[in-house]
Amino acid sequence: MALMHPTYCGGTLIHPKWVLTAAHCKNIKKVILGVHSIKGKEKASRQVRKVKSFPHPSYDATKFINDLMLLKLDKPVMRTKTVKCLPLGDTNKYPAAGTSCLVAGWGKTSNNATTPSDVLRSVHVTVIDRKTCNSPKNYNGKPVITSSQICAGSVVEEVADTCGVSAF
């Protein structure tokens, strides 16, 4: 799903009328569902207007804390082969260290890239416990990974993550 914004933002359809995205994706006017490439119109895509945005009440743009926003759509989205709702898991649980997660987006594909990817990319990352993440060997508290954030990345030699590369 692409969210029309000065740059492209990703989001997840969590209900036929609701999209979950990042709070830093401001001024979104329309949502395009079922999109793989941002280069041109795709047959399977569906476009809907956003009616209202609900950023997390404790969103902090300077610390990247609670970077979540709900978008209410003007009409329910019909389920298709390429457009489906993703059910949310138990919202009271922090994912355990070692849990594999799938992240996706149109962000930069390397730290040296000057433009984002034209096609939706995805990668599996592993949740890392906060203590390890904030240790001197890793982030060293710069920035501090808080309980409102999930630390995840690659645990193998071939690095795979989204930190500083792809915003979702």
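Placing +1 on the Cβ of each Lys and Arg and -1 on the Cβ of each Asp and Glu in the chain, which of 102, 68, 83 has its Cα farthest towards the positive end of the resulting dipole?
Positive-most Cα among the choices belongs to 83.
With +1 on the Cβ of every Lys and Arg and -1 on the Cβ of every Asp and Glu, and nothing else charged, how large is the dipole of the chain about its Cα centre, in debye rounded to the nearest 20?
With Lys and Arg at +1 and Asp and Glu at -1, about 880 debye.
Under a Cβ-only charge scheme (Lys and Arg +1, Asp and Glu -1), can you give me the dipole magnitude of the stretch 1-97 about the Cα centre, in debye to the nearest 20?
For this selection, approximately 560 debye.
With N set to the residue count of the stretch 81-155, report its C-alpha Rg divided by 2.2 N^0.38 Å to two decimal places.
My calculation over the Cα atoms of the stretch 81-155 gives 1.31.
Express the relative contact order of the stretch 12-120 as a whole percentage, based on alpha carbon pairs under 8 Å and six or more residues apart in sequence.
Here the relative contact order equals 31 percent.
Restricting to DSSP H runs of at least four residues, report the calculated mean residue ellipticity at 222 nm for the chain, -39500 (n - 2.57) per run over all residues, nearest 500 deg cm²/dmol.
Taken over the chain, the calculation gives -500 deg cm²/dmol.
Give the separation of the Cα centroids, the stretch 4-69 to the stretch 83-113, in Å.
15
May I have the extent of the alpha carbons of the chain along their three principal axes, as whole Å values ordered from largest to smallest?
Result, largest extent first: 47, 33, 28 Å.
Counting other Cβ atoms within 10 Å, keep those with at most 16, restrict to DSSP loop, and tell me which trypsin sites (Lys or Arg not before Pro) in the stretch 27-119 are left.
29, 39, 41, 43, 63, 79, 81, 84, 93
Readers should treat all values here as calculations from the given coordinates under stated rules, not as data from a laboratory. Not measured: the values here are computed from a predicted model. When we count neighbours, we look across all protein chains shown, and the Cβ atoms used for this are built from the backbone with ideal geometry, even at glycine.
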